[in-house]
1. Just need the relative contact order of the stretch 243-325 here, percent rounded to a whole number, with Cα pairs under 8 Å and 6+ apart.
2. Give me the one-decimal nm value for the distance between modelled label points at Val293 and Glu144, 7 Å along each residue's Cα-to-Cβ direction.
3. What is the spin-label model distance, in nm, from Val405 to Thr392 if the labels are put 7 Å beyond Cα along the C-beta direction?
4. If you plug each phi of the stretch 44-55 into the Karplus form 6.51 cos²θ - 1.76 cosθ + 1.60 with θ = phi - 60°, what whole-Hz ³J(HN,Hα) values come out, in order, with x for Gly and Pro?
5. For the chain, what does -39500 (n - 2.57) per DSSP helix run (n ≥ 4), summed and divided by total residues, give at 222 nm, in deg cm²/dmol to the nearest 500?
6. Can you tell me the length gained on complete extension of the stretch Tyr54 to Glu17, counting 0.36 nm per residue apart and subtracting the Cα distance?
7. Using 0.36 nm times the number of residues separating His246 and Ala10, minus their current alpha carbon distance, what extension gain do you get?
8. For Lys222, give me every one of the lysines with a C-alpha distance below 30 angstrom, ignoring sequence neighbours fewer than eight places off in its own chain.
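The values are calculated or read from the model by the stated rules, or taken from the named source; none is laboratory data. The model shown is predicted, which means the values in this text are computed figures rather than measured ones. Here the Cβ positions follow ideal geometry from the backbone for every residue, glycine too, while neighbour counts run over all protein chains shown. Surface accessibility is based on the protein's heavy atoms, side chains included, excluding ligands, DNA and RNA. Shrake-Rupley method; radii C 1.70, N 1.55, O 1.52, S 1.80 Å.
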Amino acid sequence: MAFDTDFVRAQFPAFSEPSLAGQAFFENAGGSYPCRQVVDRLTRFYMSRKVQPYGPYDASRLAGEEMDEARERLSAMLGVATDELSFGPSTSQNTYVMAQAFAARMEPGSAIIVTDQDHEANSGVWRRLSERGFEVREWRVDPETGHLDPRDLDALLDDKVRLVCFPHCSNVVGEINDAAAIVSQIHAAGAFACVDGVSYAPHGLPDVGKIGADIYLFSAYKTYGPHQGLMVVRRELGEWLPNQAHHFNSDVLYKRFTPAGPDHAQIAACAGIADYIDALHAHHEGQDADPAVRATAVHDLMRGREKAALAPLLEAVSRRNAMRLLGPADPERRAPTVALALGIPGREAAERLAPLGIMAGGGDFYAGRVLRAMGVDPAHGVLRLSFTHYTTDAEIAHLIEALDVLG
């Protein structure tokens, strides 16, 4: 069945909200609209389940069951064991906790590899381990293209390296890295792999089991859900690292790296993400299937739609000499996160577009390292135009026309 944009948009309350009428949303990389299923579950929890969960009375029992449902269904879609999926208050917080765990486990002289393509959340906390005596090595992008070359990683890997942290997709360069191949390369060198999936997961949940990452992180508020950080920690690594939570939670894998309990209602509401994926699968595919198969089919559906919508925007940008596109111009190789370096500051560019009904962002987007590496002053910043599968062809056409105000 062809992609049904009307059905998709009917799943998002924002598209029927009067105050948002006439506004085309192009700052999805900063956070997507929540789907109706998530909003409904969150509302129900706060209305009738907002008690301490896992107790003997009905409201408490149902609260716990809904929290468990979110973990069970999403872990199945991600291709991992149920207890390998943790919820935390944010991806930044989850990454911070993991960095503390590694610091406690590594021996003096150990090394960690980070990239300069990363959002600061998957780079800064690891870099600060140099203050505790560990070596931090940087896998650097090509300054012209922003590409991370795996051959450059080979030159950094040796028997001192315990962990390599890299993005599945950059939040400004937009290029989709071959995560599975890079993880295999890292494992062959005897190190663990941490993949930042924050900028990739909104475009279709990944099969983390097939990718093979030891840590995979993404944010629910960018995958149509509430403000939670989701983190897969595979069992071998999770049992090797020291417990970071209360001592009485040390034997529960998904609690070991959650020092403070996240919002119960938001955990439960994350099951709405699974509801949404199932609704898209049922509408477009019809037949039932294993959760991971459903998620993969919806992933491919989303990516197909996004690539079709991205092509005319990339073509329009390529015709404008005053705009420098960061990252590849091929829609097959990138997410629909389009960062443009302009003659005017990125924030000013976004301000010029706002009166035309274009909601976009401008700035450095916490990716100052890759901007500097590519010759862009982070203080000047870029204009970022980011969308997802629910964006219409009409909105893309409107955006292309609106770019005329930027020269």
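1. Reported relative contact order: 15 percent.
2. In this crude spin-label approximation the distance works out to 4.6 nm.
3. 2.0 nm
4. For the stretch 44-55, the Karplus curve yields 4, 5, 5, 7, 9, 10, 7, 9, 4, x, 6, x Hz.
5. Value at 222 nm, helices only: -11500 deg cm²/dmol.
6. So the extension gain works out to 9.7 nm.
7. Extra length available between His246 and Ala10 comes to 80.7 nm.
8. Within the straight-line cut-off, Lys222 pairs with Lys50, Lys210, Lys255, Lys307.
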